[in-house]
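Take a look at the structure set out below.
Where a number appears in this text, it was derived from the coordinates with a stated rule and is not lab data. No experiment lies behind these values; they were computed from the predicted model shown. Backbone-built Cβ (ideal geometry, glycine too); neighbour counts: all protein chains shown.
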Amino acid sequence: MQFIDKTSIYIKAGNGGNGCAAFHREKYVNKGGPSGGDGGKGGSIIFVADPQDNTLLAFKKTVHFRAENGENGRPELQHGKDGKDLYIRVPVGTIVRDIETGGILADMSEPGKEKTVLRGGRGGKGNARFATPTHQSPRFAQNGVKTEERRVELELKTIADVGIIGFPSVGKSTILSVLTSAKPKIAAYHFTTLTPNLGVAERHGHAFVLADIPGLIEGAAEGAGLGHDFLRHIERTRMLVHVLDASGCEMRDPLEDYQKINAELAGFSETLAALPQIVCCNKMDLPDAEENLIRIRKALEPEGISVFGVSAATVSGFDEMLDCIIAKLDTLPPVRVYDEAELEIGTAETGFTVRKEETGIYVVEGGDVDRLLDTTDPEDETSMRRFQQLLIKTGIIAALREMGAKDGDTIVLGEWDFEFTE
Ligand SMILES: Nc1nc2c(ncn2[C@@H]2O[C@H](COP(=O)(O)OP(=O)(O)OP(=O)(O)O)[C@@H](O)[C@H]2O)c(=O)[nH]1
Ligand SMILES: [Mg+2]
């Protein structure tokens, strides 16, 4: 199976349907009242954390996700239907990032979590809504809000209490299989594990999640071996079990292995380097292991690092290590969850920019400007009055004044230009 843990997709919420401008028609009734229905709201884009999923592979094939548009309003007060929301299922631990700003829009850290990342466009009001005692036959309706397509990055960061790290073939997957009911692939060659494996360990009523990742080698932080792709999976653990092959059966020195892996962690991120570690000396059933264990203890215990001798082959030595993990987890903060930024497509008060093009010409761009134009009918007096009020409310007029705009200057707003009047 191919494992994909980073990819990007395009998402778009549904447009709001346009309001309708129409008048009631009936036989023998000469001039009916305004009867244009409202446009429906566009569907939203909602991410869902699916515990059944563990790869982003599906997003390599499908990259465009569009929620349904709202229907336009129709005569005789028929409102347009709202567009259906689109649910995008992602593995638990997926982080959704705005590619433009780098901001995290959703951290799908809990199974079943739902997060609306893009809201559907508002439907436009039909002309029936604009009737007032003094203006009984408005001929305009409001357009729905058109939404923009956004590109977002999906990144899967496995969430577990404990990450198991170490060189290839030191026995990480075997240890996972001994401590949990997980059945990872185990073999005598390097890089047997190609994707993170998760399992739940239990002792005396305490349960915690262990993540076994592919073996690391020197240069991993720069991409050697299976590279840094897998280092990010252990960034979201609370502590690490650093597995060493105490027997040195592959002719490497376990203490050197320990230093090398730690250098890789530090080279990758501060988060990784700062994670608490305990050391698990595996393969104690083999010759030379005892001697190495004594040496490792002597080197690391004075630094305050707990060292355990175990054998995954004979399943021995694990109780003490499990007790230590449980006691440590008790004192550690929960797995890091990211703050989610709201993706706002221009807020009412801010987001627009005003710049002076040349003497007497000012250009207003960004923020809600497009939406303002979209929902305004220049042919209609009431609509234009609302437009003027919004220019004041959004602070555009104040900003223009501040830039020095005077009576008679030209203001360019999207495709429109008009004269500035105080
Ligand atoms: N003698 C002995 N062999 C072990 C022990 N633990 C694991 N092995 C063997 O070591 C080899 C590698 O084990 P794995 O669990 O696949 O190692 P790994 O660290 O997950 O390796 P990668 O996934 O390639 O990084 C296998 O042949 C295991 O049977 C042990 O305690 N004693
Ligand atoms: Mg493995």
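Quick notes
- Here the Kirkwood formula, the inverse mean of 1/r across different C-alpha pairs, assigns the chain a hydrodynamic radius of 25.9 Å.
- Fraction of beta bridges assigned by DSSP in the chain that are antiparallel (%, nearest 5): 60
- Built amide H within the under 5 Å cut-off of C281, gap 5+: L244, F308, G309, V310
- Legend: calculated FRET efficiency, R385 to V63, from the Cβ-Cβ distance at R0 = 45 Å, rounded to 0.05, equals 0.55.
- Antiparallel beta bridges, as assigned by DSSP with both residues in the stretch 6-156, represent about 75 percent of the total such bridges.
- Subtracting the Cα-Cα distance of A131 and D417 from their residue separation scaled by 0.36 nm leaves 100.2 nm.
- Among the chymotrypsin sites (Phe, Trp or Tyr not before Pro) found in the stretch 2-65, those both in a DSSP coil and sparsely packed, with 13 or fewer other Cβ atoms within 10 Å of their Cβ, are Y28.
- A run of the chain free of exposed loop cleavage sites, with trypsin sites (Lys or Arg not before Pro) counted only in DSSP states other than H, G, I, E and B and at most 11 other beta carbons within 10 Å, reaches its longest extent at 186-405.
- Residues considered: A211, A221, A299. Largest GNM mean-square fluctuation over the chain, using C-alpha springs under 10 Å, is found at A299.
- Calculated over the stretch 352-419, the projected area of the Cα convex hull averaged across directions stands at 4.2 nm².
- Proportion of all alpha-carbon pairs of the stretch 105-160 beyond 13 Å (%): 74
- Most fluctuating residue given options G93, G102, G309, as computed from a GNM of the chain linking Cα atoms under 10 Å: G102
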